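This report refers to the structure that appears directly beneath it.
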Amino acid sequence: MQNPILQIGFDFFHLMATIAWIGGMFFNFIVVMPSLAKTLPPPDMGRVLGTMLKKVRVIVYVSLLILFVTGIPMKISSEYYVGIINFDNTWEIVTFIKHVFVGLLALLAIYNFEFLIPKVGKIASQGPSPQLMSLKKRQKFLGALSFLFGIITIFLSAMMNHL
């Protein structure tokens, strides 16, 4: 890809999708969840989060699509690119590790949006229970794990720029 306008466009949309997804996760983990937990009773917090997550789900899935569509030509056009799965240089190794974390983030998002959140909503509608508490603990753990994987992904992306 020799066209600088095209390169800038791919890079711009790739960065915007990363900011939307990982930045949203950061804001949610650091600001939204602790604030809602301190100010709202659980049923109200659940309703607010349910409304928010409908929009967040769309942002995450659109971001994933944009990252995939822009990432492939960006990788192929890199001067360090050797092959699809190739470990001939440090850039290729770091890129592979980064994509493993992105894949894990995508799987966690799909599991959370398609399985865990609906299950929590169904159980929560029946009132407090040990099963609900267990599912909420799982949600917190997976949210923290996703947050950590997002930070690692950003770090690996920064590393790739300096190899």
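Values quoted throughout were computed directly from the atomic coordinates according to the rules given, and no laboratory measurement underlies them. Source: prediction; values computed, not measured. Note: ideal-geometry Cβ built from the backbone for every residue, glycine included; neighbour counts use all protein chains shown.
What the table below lists for this structure:
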| item | result |
| --- | --- |
| Listing of helices (runs of 4 or more DSSP H) fully contained in segment 1-119 that carry 2 or more residues being more than 16 Å from the chain's Cα centre (by Cα) and more than 29 Å from R138 (Cα to Cα) | 4-18, 42-77, 90-111 |
| Qualifying position, being of a type in the set (A, V, I, L, M), crowded, with 17+ Cβ neighbours inside 10 Å and out of contact with any Asp or Glu (no Cβ under 9 Å at 6 or more places or on another chain), among L145, L64, L107 | L64 |
| Any hit, segment 104-120, residues being of a type in the set (G, A, S), farther than 30 Å from D11 by Cβ and touching a helix residue (DSSP H, G or I) at 6+ places or on another chain (Cβ under 8 Å) | no |
| Inter-residue pairs, beta-carbon under 9 Å, first free of Cβ contacts under 8 Å to residues at least 12 places away in the same chain and in segment 129-146, second assigned to a helix (DSSP H, G or I), 6+ apart | S129/I123; Q131/I123; K140/M33 |
| Members of segment 29-47 found to be surrounded by 14 or more Cβ atoms within 10 Å (Cβ to Cβ) and either without any contact (Cβ under 8 Å) to a residue 40 or more places away in the chain or of a type in the set (V, I, T) (or both), listed by number | V32, L36, L40, M45 |
| K140 vs. criteria surrounded by 14 or more Cβ atoms within 10 Å (Cβ to Cβ) and not aliphatic (A, V, I, L, M) | no |
| Residue within segment 59-75 that is free of Cβ contacts under 8 Å to residues at least 12 places away in the same chain, out of contact with any Leu (no Cβ under 9 Å at 6 or more places or on another chain) and basic (K, R) present | no |
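Yes/no per residue for (1) over 23 Å from G150 (Cα atoms); (2) of a type in the set (A, V, I, L, M):
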position: P4; (1), (2): yes, no
position: M16; (1), (2): no, yes
position: F26; (1), (2): no, no
position: K54; (1), (2): no, no
position: V58; (1), (2): no, yes
position: L67; (1), (2): no, yes
position: G83; (1), (2): yes, no
position: T90; (1), (2): no, no
position: F115; (1), (2): no, no
